Amino acid sequence: MAQIIIRPLRESDAPSVCKIWCNGLSQTTQHAIPWFLRPFATQKMNEMRDVAISNDGDVGPNGSNLIKMYGEKSDRQMFVACEQGVAPEVVLGCCAVKKGMDEHKEEHESDIASIWRMSVDESQRGKGIATMLMQECERFAKDDLQCKRIGLWTLNPVAANFYTSRMGYRREDYAYVSDSWLAKLFIPPAFRYEKDL
């Protein structure tokens with residue numbers, strides 16, 4: 001296997017990043033949602049995806065807004081994993097980091113950074129790529145953004161296990177995706193995880 005490199009997002013990576021992130025959403029519905037609610041959850045995830053990949057979304061159609069969202073601002077960066085020496089480079093995974101916990105606000109005074117859009121191509125999982133992406137985001141948060149902590153939100157139990165067992169995050173808080181008592185009964189909450197840098 002070729003050596004994996006982690007580098008900042010380039011404009012040419014955007015379509016691959018968009019595809020990897022969109023495909024990765026299915027892991028959440030498959031592992032976090034009871035089987036009888038998966039059609040509903042899939043519909044809701046597709047709605048969330050459609051907002052993100054819309055003309056005004058942070059991902060944009062075919063990833064067209066990723067550079068504007070993550071490459072042109074001083075408070076954030078998206079990294080991609082690629083195989084070194086392969087031409088053309090193939091994106092294997094992506095992960096973004098920004099200062100503050102709100103994805104859309106600039107929070108220059110915050111001492112916490114946050115993780116966004118973490119995903120690895122399904123065929124590349126289990127090779128340590130997610131760990132390398134997270135380590136680079138954590139390094140960037142500490143060294144470049146001068147943050148003391150880093151956090152994230154997820155309702156994906158597979159991802160949560162990775163964050164706690166491999167990356168040393170601890171569960172701090174939770175929030176339900178809906179105020180409906182029925183939704184609270186069947187849909188697990190999203191959990192917030194943090195780690196000191």
Out of every Cα pair in region 118-197, what percent are spaced more than 14 Å from each other? 67
Gyration tensor (Cα) of region 81-129, equivalent ellipsoid semi-axes in angstrom: 29, 12, 8
Kirkwood Rh over alpha-carbon pairs of the chain, then Stokes-Einstein at 20 °C and 1.002 mPa s: what D in µm² s⁻¹, rounded to an integer? 124
Which semi-axes, in whole Å and largest first, does the equivalent ellipsoid of region 1-46 have when worked out from the alpha carbon gyration tensor as the square roots of 5 times its eigenvalues? 30, 13, 7
Using θ = phi - 60° and the Karplus form 6.51 cos²θ - 1.76 cosθ + 1.60, what ³J(HN,Hα) does each residue of region 3-15 get, whole Hz, x for Gly and Pro? 6, 8, 10, 10, 8, x, 4, 10, 4, 5, 7, 3, x
Over region 1-100, what lengths in whole Å, largest first, do the semi-axes of the equivalent ellipsoid take, defined as the square roots of 5 times the eigenvalues of the alpha-carbon gyration tensor? 26, 18, 12
Net charge of neighbours whose Cβ lies under 10 Å from the Cβ of residue 75, counting Lys and Arg as +1 and Asp and Glu as -1: +2
Members of 19/68; 142/184; 68/142; 68/127; 98/184; 127/148 lying beyond 26 Å, as alpha-carbon distances in this model show: 142/184; 68/127; 98/184; 127/148
Pulled fully out, how much extra length does the chain show between residue 55 and residue 111, if you take 0.36 nm times their separation in residues and subtract their Cα-Cα distance? 17.0 nm
From the backbone phi of region 119-134, what are the Karplus-calculated ³J(HN,Hα) couplings (6.51 cos²θ - 1.76 cosθ + 1.60, θ = phi - 60°) in whole Hz, Gly and Pro given as x? 6, 10, 3, 3, 6, 10, 5, x, 10, x, 5, 4, 4, 5, 5, 5
Provide the per-residue ³J(HN,Hα) series for region 53-68, in order, calculated from phi with Karplus coefficients 6.51, -1.76, 1.60 and θ = phi - 60°, each as a whole number of Hz, with x at glycine and proline positions. 9, 6, 4, 9, x, 5, 8, x, x, 6, x, 5, 9, 5, 5, 4
Farthest toward the dipole's positive end in the chain, which of 61, 152, 36, given Cβ charges of +1 (Lys, Arg) and -1 (Asp, Glu) about the Cα centre? 36
With charges only on Cβ, +1 for K and R and -1 for D and E, what is the dipole size of region 4-151 about its Cα centre, in debye, rounded to 20? 380
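Just so you know, all these numbers are worked out from the coordinates, no wet-lab data involved. Source: prediction; values computed, not measured. For neighbour counting, all protein chains shown are included, and Cβ atoms are generated from backbone atoms with ideal geometry for every residue, glycine included.
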